[in-house]
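> This structure is in C-alpha cells; I'll ask about it shortly.
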Amino acid sequence: MKDEFSKISDILDTSVRTFNRFGQAFEKSKTCSMFFSFWKDVVGKKFEKLSIPYELKGSILFVSAASPAVIQELNFFKKEIIEKYTPYAEGLNLKLTDIRFDYKNWASIKSQMSDGEKSQKSFDTDTPDYYTKKDYETIGLDNSEEADFEKLKNTLENVKSLPLHLKEKMFNNALNQYKAKKLRQKP
C-alpha cells in the first residue's frame, strides 16, 4: 500500500522540470520567431515572398521555397545569405552554419501565413494588435524593472555585430512584450 503513493517532492520535481522545459521551449520559439523575422531584411524583396524560414535545428536554418527554381537561385546566394544573417543570429545568441531549402511543404507553410502579415509581425511575438501606444504608456516600471531593462540595453549596445536600428528594435520589442504581459495581468 505504501508504494502506491508518490512523494510530494517527486511530484513537485517532475512539475518543475516540465515547467522549465515548457519555458525553455517558449523562449526558443520567441527567439526563433525574432530570428525568422529578419529573413526579409537579408534576402530582399525578390525572395521574401518566395521563401519562408520555418525551423532552426541546431545551427541549420530550414527554409521553404515556392519552387525548385527558387531553391536553385537561393542556393547560388547561400554563402552570402549566411554571411548577412550571421549578425542577426549572434545578436540572439544563435549560431548559423547552414541553410537547407525545400519546396514540398511550401503550400502548408504559406497557408499558415495570413497574407504575409504574420511574417511582418513575427518580431512582435507577444505584442497584441489591440494594445495601442497609449496603453503601453500607462504601464510604468518600478526601479528593479528599470534596472533590468537598462542592463538589457547595455547588453544590446555591446553586440557589435548588430546595426543600431536592430538593437533599438530588439530593445523596444522586449519592453513592449513586458508591458503587454503587465497589461494582461491588470484587473
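> Give region 142-155 a look and list any residue that's touching a residue at least 24 places away in the same chain (Cβ under 8 Å) and of a type in the set (A, V, I, L, M, F, W, C), or say none.
Selection gives F149 alone.
> Is it the case that some residue within region 93-102 is of a type outside the set (V, I, T), open to solvent by 30 Å² or more (accessible area, probe 1.4 Å) and at pLDDT below 80?
no
> Among what's in region 104-132 and is hydroxyl-bearing (S, T, Y) and either at pLDDT 90 or above or under 23 Å from Y178 (Cβ atoms) (or both), pick the residue that is most open to solvent (accessible area, probe 1.4 Å). Give the steps one after another, and end with the answer.
We begin by selecting, within region 104-132, every residue hydroxyl-bearing (S, T, Y); these are 108, 111, 114, 119, 122, 125, 127, 130-132.
Checking which are either at pLDDT 90 or above or under 23 Å from Y178 (Cβ atoms) (or both) leaves us with 122, 125, 127, 130-132.
Working: S122: 23, T125: 55, T127: 29, Y130: 157, Y131: 39, T132: 71 Å².
Across region 104-132, the extreme among qualifying residues is Y130.
> Name the single residue that is most open to solvent (accessible area, probe 1.4 Å) among those in region 156-175 being basic (K, R) and touching a residue at least 40 places away in the same chain (Cβ under 8 Å).
Residues of region 156-175 that are basic (K, R), as a first pass: 160, 167, 169.
Narrowing the set further to residues that are touching a residue at least 40 places away in the same chain (Cβ under 8 Å) leaves 167, 169.
Values: K167: 33, K169: 84 Å².
Among them, the one singled out is K169.
The values are calculated or read from the model by the stated rules, or taken from the named source; none is laboratory data. All figures in this text were calculated on a predicted structure; none of them were measured in a lab. Counting neighbours? That spans all protein chains shown, and the Cβs are built from the backbone with ideal geometry, glycine included. Side chains are part of the model used for accessible areas, which takes the heavy atoms of the whole protein and leaves out ligands, DNA and RNA. Shrake-Rupley method; radii C 1.70, N 1.55, O 1.52, S 1.80 Å.
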